[in-house]
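First up is the structure itself, then whatever we jot down about it.
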Amino acid sequence: MALLEVIALGAQDAVAAREGGADRVELVADMAADGLSPSPATVAEVRAAVDIPVRVMLRLTDGFEPGDLGALVRRTAELRDAGAEEFVLGFLTADGALDLPAVTRVVEAIDGAPWTFHRAIDHCADRAALRAEVADLPGLDGFLTAGAATGVDDGIIALIAEAQGLQQILAGGGLRLAHLSRLRAAGIDAFHIGSAARPDGWDAPVSAEAVRTWRAAIDDPAP
């Protein structure tokens, strides 16, 4: 069955996502900054509220540079202590290259836990080089990507071209139901939604009904 991941800002969102049929949530804070690390208390609340996997964002500042790496490693330890077992991360240098030392240090801090390389890949200077550089890092099992910084509308050709890579493509970033047929036909079987799960905007909670619509669409046997 195809994987459906929904962005959650807290326990209410996570419960609605699960009720709608999501397989996993990506737990973040502050979507105005494109998603930062939630508090340890929020992680504990969400883990207590749902029994589906929860991927926790590891990012303390807007943008894709790691900022204070020591502070990020300390927050990672706090999030693990609160129950976080899966993560989302990815860092670039100022010139758009992979910041491999920063990524490696945080991967060491999560100690073998599964993780997604997030949409920093859509802002990097060389997608293929980035994927090759991180390919052997422990725990990496997919890339959250729209194929382009501006979203799936502009990146769908890149997504289709990358669909046969070793790590899973988690398609997301302006993803619409209209994209599904082409992506599924290319073999992509993992999808990530944020605003699409919130028909009333980011100030409203996740809609279980909206998630249910996506669940039905990605499970439709005819792409």
Accessible area of Trp214 in the full protein assembly, 1.4 Å probe (Å², nearest 10): 10 Å²
Give the relative contact order (percent, whole number) for the chain; include only Cα pairs under 8 Å separated by 6+ residues. 20 percent
From the P(r) of region 1-155, could you give the percentage of C-alpha pairs in the tail past 20 Å? 47 percent
Nearest-10 value in Å² for the accessible area of Thr61, using the 1.4 Å probe: 60 Å²
Where in region 32-55 is the amide nitrogen less than 17 Å from a point lying 7 Å along the Cα-to-Cβ axis of Arg74? 37-41
Give me the 1.4 Å probe accessible area per residue for region 97-215, excluding ligands and nucleic acids, in Å². 43 Å²
Residues with amide H under 5 Å of Gly142's amide H, sequence separation 5 or more or different chain, H placed in the peptide plane at 1.01 Å from N; which? Phe117, Gln168
Would you grab the residues whose amide H sits under 5 Å from the one on Phe87? Only those 5+ places off in sequence or on another chain, please, with H modelled 1.01 Å from N. Val56, Trp115, Thr116
Carbon and sulfur together cover what percent of the accessible area of the chain at a 1.4 Å probe radius? 51 percent
Provide the FRET efficiency to the nearest 0.05 for the Ala129-Ala204 pair, computing r from the beta carbons and using R0 = 35 Å. 0.35
For region 1-71 and region 88-143, write down the distance between their C-alpha centroids in whole Å. 18 Å
Compute, for Asp219, the solvent-accessible surface of its heavy atoms (probe 1.4 Å) with the complete set of protein chains present, and express it in square angstrom to the nearest 10. 60 Å²
What list of ³J(HN,Hα) couplings, whole Hz, do you get for region 54-65 from phi and the Karplus terms 6.51, -1.76, 1.60, once you set θ to phi - 60° and write x for glycine and proline? 10, 9, 9, 5, 10, 6, 9, 9, 4, x, 10, 7
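The values are calculated or read from the model by the stated rules, or taken from the named source; none is laboratory data. Just so it is clear, the model here is predicted, and its values are computed rather than measured. Cβ atoms come from the backbone with ideal geometry, glycine included; neighbour counts cover every protein chain shown. Only protein heavy atoms, including side chains, enter the accessible area calculation; ligands, DNA and RNA are left aside. Shrake-Rupley method; radii C 1.70, N 1.55, O 1.52, S 1.80 Å.
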